[in-house]
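A short write-up of the structure that comes next.
The values are calculated or read from the model by the stated rules, or taken from the named source; none is laboratory data. The structure displayed is predicted, hence computed values, not measured ones. Cβ coordinates were reconstructed from backbone atoms using ideal geometry, including for glycine residues, and neighbour counts include every protein chain displayed. With ligands, DNA and RNA removed, areas are computed over all heavy atoms of the protein, side chains included. Shrake-Rupley method; radii C 1.70, N 1.55, O 1.52, S 1.80 Å.
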Amino acid sequence: MAKEIKNICVIINPISGVGTKEKIPDIIASYCTDKEIALTVLHTEYGGHAKALAEQACNDGADCVIAVGGDGTVNEVAQSLLYSDAVLGIIPKGSGNGLARELGIPLDVRQAVDVIFSNNVMTIDACKANDRIFFCTCGVGFDAAISEEFAKEKRRGSLTYIKNVVEKYLDYKPEVYELQIGENTFKGKAFLIACANGSQYGNNAYIAPHADICDGQIDITILSPFKAFDIGGLAIQLFTKTIDKNSKIKTFRAKSAQIILQKAGVMHIDGEPVVAPEEINISVLCGAIKVFAPVSTPFAQDLQRHINDVFRFFEERFLYLTGSDSGAKDKSP
């Protein structure tokens, strides 16, 4: 599906991820000039600002709102476009880039801009965890604990994330949860419970390999407690889309679910930590948002992801070792 675009608003989180974003407005402007499209460029100044800016852009008649930043920024902008005529554009500049990767959007800026101006629009689902919107995953347990630790870091990127995973695992104790899906109830200790609209957390870590972001359902993954010698196999399966084959994994698919915690704690919403009450109600918002995405086969998308990951790994390693990254993080909630 294509859409005629006459008015674009770009919302940039200047402190998300690594690397500079200074040239991005000029790159987008060059496309807009050729097509006689009105362009507004805005920068976020605090957590929650992207959501407010996107709401105002829609009220001002923007046909497309482009989020430039990490998963938190994309989440905020996308929330404001739910069930509207405006289309979400994504230029991924974060650490995980979960929704961009899920949709096959390149991590290269110019290629991501090309996707937006190729004008291929798809409609995807969103989900709710109580009153909070997510587009890829939300969850409780270890992944939520990691998101809390990662949010405190001054440096972002995969190397910092791996460091947090290793350090947190050493003292993490799984808790007891109750999961209700229709008439079925699971109760017991879990290392994590992930509710997935898309298949991955980001960084091509596939916690729900068969999730479909357009099918009107949530894929729920329960990872039971495991021994240290299981870590290697789980890690390999996580990045090869086969974690559902592991004996420690239980998977469910539903339109809604409820997670009951023993006490209020932390959950993550698209990788961002938030306070979780004792009861978390998960539901699907079918066909909630329009987004620009590449026209591509699954094989081509996977190949592009792997190429992007190789370049991104070496870029992040260089920036991390030299200390020449932005030293900042995406602070959107």
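Checking each residue in the range 91-109 for being more than 25 Å from I146 (Cα to Cα) and surrounded by 21 or more Cβ atoms within 10 Å (Cβ to Cβ) picks out I105, P106.
Residue pairs whose Cβ atoms lie under 6 Å apart, separated by 6 or more positions or on different chains, with the first residue in the range 31-44 and free of Cβ contacts under 8 Å to residues at least 12 places away in the same chain and the second surrounded by fewer than 16 Cβ atoms within 10 Å (Cβ to Cβ), do not occur. Of all the residues in the range 1-30, those that are touching a strand residue (DSSP E or B) at 6+ places or on another chain (Cβ under 9 Å) and not hydrophobic (A, V, I, L, M, F, W, C) number 9. The set of residues in the range 12-47 being among the acidic types (D, E) and assigned to a loop (DSSP other than H, G, I, E, B) consists of E22, E36, E45. Among the small types (G, A, S), in contact with an Asp or Glu (Cβ under 9 Å, 6 or more places away or on another chain) and open to solvent by less than 30 Å² (accessible area, probe 1.4 Å) - does that describe any residue in the range 213-221? Yes, the range 213-221 contains at least one residue that is among the small types (G, A, S), in contact with an Asp or Glu (Cβ under 9 Å, 6 or more places away or on another chain) and open to solvent by less than 30 Å² (accessible area, probe 1.4 Å).
Among the residues of this structure, G72 counts as one that is on the phi < 0 side of the Ramachandran plot and either in contact (Cβ under 8 Å) with a residue 40 or more places away in the chain or of a type in the set (G, A, S) (or both). In the set (1) closer than 16 Å to G139 by Cα; (2) over 20 Å from the mean Cα position of the chain (by Cα); (3) open to solvent by 20 Å² or more (accessible area, probe 1.4 Å), G232 fails one condition alone, (1). Remark: pairs (first residue in the range 116-134, in contact (Cβ under 8 Å) with a residue 24 or more places away in the chain; second residue of a type in the set (G, A, S) and open to solvent by less than 10 Å² (accessible area, probe 1.4 Å); Cβ separation under 7 Å; 6+ apart in sequence or on different chains) = I116/G89; N120/A293; M122/A293; D125/G216; D125/A288; A126/A288; I133/A126.
Note on the range 141-203: no enclosed strands (runs of 3 or more DSSP E) hold 2 or more residues that are modelled with pLDDT under 90 and of a type in the set (K, R).
Among residues of the range 167-179 that are touching a residue at least 60 places away in the same chain (Cβ under 8 Å), those with a Cβ under 7 angstrom from a residue that is open to solvent by 100 Å² or more (accessible area, probe 1.4 Å) and of a type outside the set (A, V, I, L, M), sequence gap 6+ or separate chain, pair up as E175/K189; E175/Q262; V176/K189; V176/Q262; E178/K187. When residues in the range 44-69 are screened for being in contact with a Lys or Arg (Cβ under 9 Å, 6 or more places away or on another chain) and open to solvent by 10 Å² or more (accessible area, probe 1.4 Å), 5 of them pass. One residue alone among A100, A86 is within 26 Å of N204 (Cβ to Cβ) and not acidic (D, E), and that residue is A100. Residues satisfying the criterion are absent from the range 72-79 (criterion: surrounded by fewer than 14 Cβ atoms within 10 Å (Cβ to Cβ) and at pLDDT 95 or above). In the range 257-280, what residues are part of a strand (DSSP E or B) and more than 20 Å from the chain's Cα centre (by Cα)? Matches in the range 257-280: A257, Q258, I259, I260, L261, G265, E279.
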